[in-house]
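The values are calculated or read from the model by the stated rules, or taken from the named source; none is laboratory data. No experiment lies behind these values; they were computed from the predicted model shown. Cβ: placed from backbone, ideal geometry, glycine included. Neighbour counts: every protein chain shown. Keep in mind that these areas ignore ligands, DNA and RNA; they rest on the heavy atoms of the full protein, side chains included. Shrake-Rupley method; radii C 1.70, N 1.55, O 1.52, S 1.80 Å.
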Amino acid sequence: MSKIISIHSFRGGTGKSNTTANLATLAAMQGLRVGIVDTDIQSPGIHVLFGLETDDIGNSLNDYLWGKCTIKEAAHDVTSRVSPGIPGKIYLIPSSIKAGEIARVIHEGYDAGLLNEGFSDLLEELKLDLLLIDTHPGINEETLLSLAISDILLVIMRPDKQDFQGTSVTVDVALKLGVPSLMMLVNKIPLQLDLNNLKQEIERTFNAEVVAMIPHCDELMSLASEDIFAVRYPDHAVTAELKKVIQKMLA
Amino acid sequence: MENSTGLDQLLRNTDLFRPLPDDILVIVAKALTPRTLAAKEVLFQQGQPGEELILVQTGSVAIYTPQADDPAAGQAIRIFQPGQVLGEMALIDQKPRSLSARAEEPSTILALGGKVFRSLIQEHPEMAIAVMSGLNERIRYTTDFLGEVSVWVQRVAGGSYQTDEIIGQSNQLKDATLANLAAEFAQMASKVQKREEELKKQVAELRIEVDQAKRDQEVKQITSSDSFQSIREKARLMRQQKEANDKE
């Protein structure tokens, strides 16, 4: 059975795109067929992790939303860019990184219903096991619909005061939307924090299951999105923690 | 006699007396005054004039820096085992005792008066050399000792508290003093480590505070809107559609 997984955070800078790219890669390494839709149309970024430049991006999600192409035509097979010999597949549906097209989307908005039809088409036509949706931070109508149709919502937050209030609202709203499964990933945890205490504190506050606690990691920061962390550091503790998330998602 | 054979053996095993010819050893043996010490009994105090040299016969004797409030207590600098000699420095330089000495357990010692000691040295140059080599050995010992302590100190200063390693090392140390110091050092390191960890924990417990009233109000604002209801309805239909597709 295919699963749609929204990956969301209330604020930017939580490591959402990086985590999405790594989860997709780890799933594909297990032989799964994975799609990623970058719905962060206003500030796209995940294409960088897969080494896609402006010229490599033919059709984008914007083109699909403007009726210029089918969603399948906007899907880029980036599997071999990640690492040769991955048994699964990784398809990326990027957002346009052209300033004019970003401006147009911000100005005009888009039909969220069409976007969600696109998700079903992708699952079917590319025979995906997992479809990961990299959402735009915050709570707007388009994001809410993506969350609403997801089988799993993965909320990423940092242990930072700026993230707490907004994340608590996001989590509550998601539950009212009827999202069947809600998981939390705590990212960029300062090394001196007590992990057990933090996990309890977050589960108590947000009333949701924490599936991964990822400490701040110098190797990850210095990689600066040049590469997929899980490929470069397959045996790292952070990679092991992300693998656990995949197991939970597939369970 | 068994006793004198035992004494003879003890002197033969003592670096200081080993070079002496048999007939002189007999004289030395006669000049020695035996004394029994209870555990923790003070043998001499720091600052007292040094009148005799001590040979440990049984038990063990420590030289130590006396505590101001308790002259019988203090960290042992070196522990002397049977066959080892202490107190000869004061006899040579005629200065007051630089440290105190006490029995670490019930012990017997043999004391040799300063007068006999000095005449032995004058008559037997080989004994003077033995004294010198004894002092030499003490200098080397001190250097090694300080070297070892400096390694431990650097390690703790660098934040690595491998107390297991220090204790492991202390078990291997033949020298009772170093072993004793290593054990105390390991104990200190583990106390420092524990204190540091507790301090870290205090810093590290993060309290997450959320304004519950504001949270509820914002959630209500979002979920009570018409568009939210329509999104939820749309999502319900799409999910149904997907389930139907999955079943096909």
Q. Do you know which residues across segment A:43-81 are touching a residue at least 60 places away in the same chain (Cβ under 8 Å) and surrounded by fewer than 18 Cβ atoms within 10 Å (Cβ to Cβ)?
A. A:Ser43, A:Val48
Q) Residues of segment B:42-77 being at pLDDT below 85 and not hydrophobic (A, V, I, L, M, F, W, C), which ones? A) B:Gln75
Q. Would a scan of segment A:156-169 turn up a residue that is at the interface with chain B (Cβ under 10 Å from one of its Cβ atoms), in contact with a Leu (Cβ under 7 Å, 6 or more places away or on another chain), small (Gly, Ala, Ser) and surrounded by 20 or more Cβ atoms within 10 Å (Cβ to Cβ)?
A. no
**Q.** Filtered residue count, segment B:47-69, keeping only those that are surrounded by 15 or more Cβ atoms within 10 Å (Cβ to Cβ) and over 21 Å from B:Leu112 (Cβ atoms)
**A.** 2
Q: Read through the list (1) under 23 Å from A:Gly51 (Cα atoms); (2) open to solvent by less than 50 Å² (accessible area, probe 1.4 Å); (3) outside any helix (DSSP H, G or I), then give the number of the only condition that A:Ala230 fails.
A: (3)
Q.
Looking at B:Lys174 and the list (1) outside any helix (DSSP H, G or I); (2) modelled with pLDDT of 80 or more; (3) more than 9 Å from every other protein chain (Cβ to nearest Cβ), which single condition is not satisfied?
A. (2)
Q) Taking segment A:178-206 as the region of interest, how many residues are at pLDDT 90 or above and within 7 Å of chain B (Cβ to nearest Cβ)? A) 4
Q. Name the residues in segment B:219-238 that are within 8 Å of chain A (Cβ to nearest Cβ) and either in contact with a Ser or Thr (Cβ under 9 Å, 6 or more places away or on another chain) or among the hydrophobic types (A, V, I, L, M, F, W, C) (or both), would you?
A. B:Val219, B:Ile222, B:Phe228, B:Ile231, B:Arg232, B:Ala235, B:Met238
Q: Please go through segment A:211-251 and pick out each residue that is closer than 20 Å to A:Leu130 by Cβ and charged (D, E, K, R).
A: A:Glu241, A:Lys243, A:Lys244, A:Lys248
Q: Taking only segment B:29-39 into account, find how many residues are in contact (Cβ under 8 Å) with a residue 12 or more places away in the chain, under 19 Å from B:Asp8 (Cα atoms) and outside any strand (DSSP E or B).
A: 3
(Q) Here is a check on your reading of the model: is A:Leu175 within 22 Å of A:Asn18 (Cβ to Cβ) and either without any contact (Cβ under 8 Å) to a residue 40 or more places away in the chain or of a type in the set (Phe, Trp, Tyr) (or both)? (A) no
Q: Filter segment B:201-213 down to the residues that are more than 7 Å from chain A (Cβ to nearest Cβ) and at pLDDT 90 or above, then identify the one that is least open to solvent (accessible area, probe 1.4 Å).
A: B:Ala213
(Q) Looking at A:Pro94, A:Pro87, A:Pro137, can you tell me which residue is more than 15 Å from the chain's Cα centre (by Cα), under 22 Å from A:Lys3 (Cα atoms) and either more than 10 Å from chain B (Cβ to nearest Cβ) or at pLDDT 90 or above (or both)? (A) A:Pro87
Q: Filter segment A:105-121 down to residues that are of a type outside the set (Gly, Ala, Ser) and buried (at least 17 other Cβ atoms within 10 Å of the Cβ) and give me whichever is nearest to the other protein chains (Cβ to nearest Cβ).
A: A:Asn116
Q: Go through B:Gln221, B:Gln229, B:Gln240, B:Gln217 for me and flag whichever is loosely packed, with under 11 Cβ neighbours inside 10 Å, not aromatic (Phe, Trp, Tyr) and not in a loop (DSSP other than H, G, I, E, B).
A: B:Gln240
Q. Is there a residue being out of contact with any Asp or Glu (no Cβ under 6 Å at 6 or more places or on another chain) and either within 14 Å of chain B (Cβ to nearest Cβ) or at pLDDT 90 or above (or both) anywhere in segment A:217-227?
A. no
Q) Taking segment B:40-65 as the region of interest, how many residues are more than 26 Å from B:Arg12 (Cα to Cα), in contact with a Lys or Arg (Cβ under 9 Å, 6 or more places away or on another chain) and in a loop (DSSP other than H, G, I, E, B)? A) 6
